[in-house]
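Report on one structure; see the data block that follows.
The values are calculated or read from the model by the stated rules, or taken from the named source; none is laboratory data. All of these numbers come straight from a predicted model, not from anything done at the bench. For neighbour counting, all protein chains shown are included, and Cβ atoms are generated from backbone atoms with ideal geometry for every residue, glycine included. The accessibility values were calculated without ligands, DNA or RNA, using every heavy atom of the protein model including side chains. Shrake-Rupley method; radii C 1.70, N 1.55, O 1.52, S 1.80 Å.
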Amino acid sequence: MKIIIAGCGKVGQALTEQLTKEGNEITVIDIRSKIVNEMANRYDAMGIVGNGASHLTQAEAGIEKADLFIAVTGSDELNLLCCLLAKKAGDCQTIARIRNPEYSREANYIKEELGLAMVINPEYAAAMEIARVLRFPSAIKIDTFAKGRIELLKFRIQENSVLSNMQVMDISLKLRCDILVCAVERGDEVFIPRGDFILREKDIVDIIATPKNASGFFKKIGVVTNQVKDTMIAGGGDIAFYLAEILLQMGIRVKIIDKSMERCERLCELLPKAEVVHGDASDQSMLSEEGMERAESFVAVTNMDEENILLSMLVKKKSRAKVVTKINNIAVSEVIGGLDLDTIMCPKNVTAEYIVRFVRAMKNSMGSNVETLYRIIENKAEALEFIIRERSEVVDQPLEQLKIKKNIVVACIYRNRKAIIPRGYDAMQVGDSVIIVTTNTGLNNIDDIISR
């Protein structure tokens, strides 16, 4: 696909990196010549220095032949104007990043009136991801397939867990639960485990199951599965606002702490059911007075990554709360992987993943049959959902007879509203939704799992 990206900030860079890896032809536009040249060299992309909202600049970037135009500059208004011009000049699909809450409330109207394919708000998307985790606090991350009927859950094996030193093949037999372990992170290594793989304490494990079976599995290993009753949010920015709004609707009590009196007053107006506290969340005594030790969850979303990390480590030490840490700097998120933090949320990565999923869906209509894609382990493993629309060499063959490539596992088959955790004798059929987990990249078709 020919894709033009206007804006070479962190989201633009993350998109360019991921989309070029998947074989797309990328052109980036930005007014900063240095960063355009750096990205063009680093990602083998075409770079255009100029204003993305200029017809001449878009023409130079090849808008007439583009399949998709993505506007992720720092200005909402510029993004909308870029997309409007791209739609007129190239008649291509367009995506705009919009961050202003006032615009976000009118997102559907803007999308329809301007003919946009997608409008994405990074802060709202991040808030939705955080809320999903707080519904199931034992999980580090939750992704869904088959329109929410199948879940991919990431969690850490705790000290003295029944899973410690257990072989993967023994889980179903000993715990009598229908789940599949599809990936394991141990330090810097990532494994697609075979049946004889032995799990250890502190391993980060990805399992796939229906919501009901996942809940049963966590109960059997002694892990709490109920959503939290309350949350304390450090920082009163847009993510805090969106998150509080979502959590209050879920019946979860919310307390927001922010340094700015003006922001606190504004939040009180917008969120009358939330408790808003004017204060410095980095003050340990103040956090204790506000009930840090008793909170069931704590979300650090201040504007400083360092403050979020330190606050999260403090709360982990002083309480049993589920902790979510917002990180803006992607490089920082890679460095802190070894720290004992629960869930790390990077809005820029969330935004990039949403857009990459949309691109995959577009490719689906152009020949690829990938329905959904999640990067379950940063740049190391991904989970893909394929829809089998026609007969192929993988259809009606027992899995044990297929020459499946190394580091690929057929994690789940969804057929006739039923999720099947496949065994060797199971076979894929036309009409199935099939979930593959792999450390390999570039799978575009279900037949790509076969060695030739």
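Between His55 and Arg149, the contour length at 0.36 nm per residue exceeds the Cα-Cα span by 29.4 nm.
The H on the amide N of Leu180, modeled in the peptide plane, is under 5 Å from the matching H of Ile208, each at least 5 residues off or on a different chain. Taking amide H atoms as placed 1.01 Å from N in the peptide plane, the amide H of Arg253 lies under 5 Å from those of Asp230, Thr231, each 5 or more residues away in sequence or on another chain. Database remark: amide H of Ile376 closer than 5 angstrom to the amide H of Ala381, Glu382, Ala383 (H placed geometrically; neighbours at sequence offset of 5 or more, or on other chains; Pro and chain starts carry no H). A simple spin-label model places pseudo-atoms 7 Å from Cα toward Cβ; at Glu400 and Asn328 they are separated by 5.5 nm. Placing unit charges on the Cβ atoms only, positive for Lys and Arg and negative for Asp and Glu, gives the chain a dipole magnitude near 1260 debye about its Cα centre.
Computed in the context of the full set of protein chains, the accessible area of the chain at 1.4 Å probe radius has 47% of its extent on carbon or sulfur.
Specify whether the C-alpha gyration tensor of the stretch 374-452 places it in the rounded, prolate or oblate class, a ≥ b ≥ c being the square roots of the eigenvalues: rounded for a/c under 1.5, otherwise prolate if a/b is larger than b/c and oblate if not.
Values: a/c = 1.63, a/b = 1.33, b/c = 1.22.
Judged from the Cα gyration tensor, the stretch 374-452 comes out prolate (a/c at least 1.5, a/b above b/c).
Listed values for the stretch 229-244 are Karplus-derived 3J(HN,Hα) couplings in whole Hz (6.51 cos²θ - 1.76 cosθ + 1.60, θ = phi - 60°), namely 8, 8, 9, 10, 10, 8, x, x, x, 5, 4, 4, 4, 4, 5, 4, and x replaces Gly and Pro.
Couplings 3J(HN,Hα) of the stretch 412-427, computed from phi: 7, 10, 10, 9, 6, 6, 10, 8, 10, 7, x, 10, x, 7, 6, 9 Hz, in residue order, whole Hz [Karplus 6.51 cos²θ - 1.76 cosθ + 1.60, θ = phi - 60°; x for Gly and Pro]. When the pairs Lys21/Lys326; Lys65/Lys348; Lys111/Lys380; Lys141/Lys326; Lys255/Lys317; Lys21/Lys363 are compared against a 23 Å limit on Cα-Cα distance, Lys21/Lys326; Lys65/Lys348; Lys111/Lys380 fall above it. Label-to-label distance for Met261 and Asn226 is 4.0 nm, based on points extended 7 Å past Cα in the beta-carbon direction. Rolling a 1.4 Å probe across the protein heavy atoms gives the chain an accessible surface of 46 Å² per residue. Applying 1/(1 + (r/R0)^6) with r as the Cβ-Cβ distance of Arg294 and Arg417 and R0 = 35 angstrom yields a FRET efficiency of 0.25.
In this simple spin-label approximation, Gln249 and Ile31 carry label points 7 Å from Cα along the Cα→Cβ vector, and these lie 3.6 nm apart.
Each residue of the stretch 190-198 was assigned a 3J(HN,Hα) from its phi angle through the Karplus expression (A = 6.51, B = -1.76, C = 1.60, θ = phi - 60°), giving 10, 10, 9, x, 8, x, 8, 5, 9 Hz with x at Gly and Pro.
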